[in-house]
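What follows is calculated from the coordinates using simple rules that are stated; it is not laboratory data. Everything numeric in this text was worked out from a predicted model, so none of it was measured. FYI the Cβ positions are ideal-geometry reconstructions off the backbone, even for glycines, and counts take in every protein chain you see.
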């Protein structure tokens, strides 16, 4: 893959980029934020409770489970399949 005439990816691999310093910086930022807000607040922010009312309005089709209710999709199965 070329960006501005420069090869940045070849054979599905990034070229000429050292990600280790980036990872260290991200880990440092996460550690700082966890320390500033506390572990409990961090976990609550990472995995917030979803209000039940919201769950009833729109089912999440991106969960790894069987999709149970087609009626919650935009237009339902009839629109998607042209029935």
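For this structure, a couple of remarks:
- Between residue 23 and residue 46, the modelled label-to-label distance comes to 1.7 nm, taking each label 7 Å out from Cα in the direction of the beta carbon.
- Taking label points 7 Å from Cα along the Cα-to-Cβ direction, residue 14 and residue 2 give a separation of 2.2 nm.
- Per-selection Rg to Rh, the stretch 1-49 - Cα, Kirkwood hydrodynamic radius: 1.26
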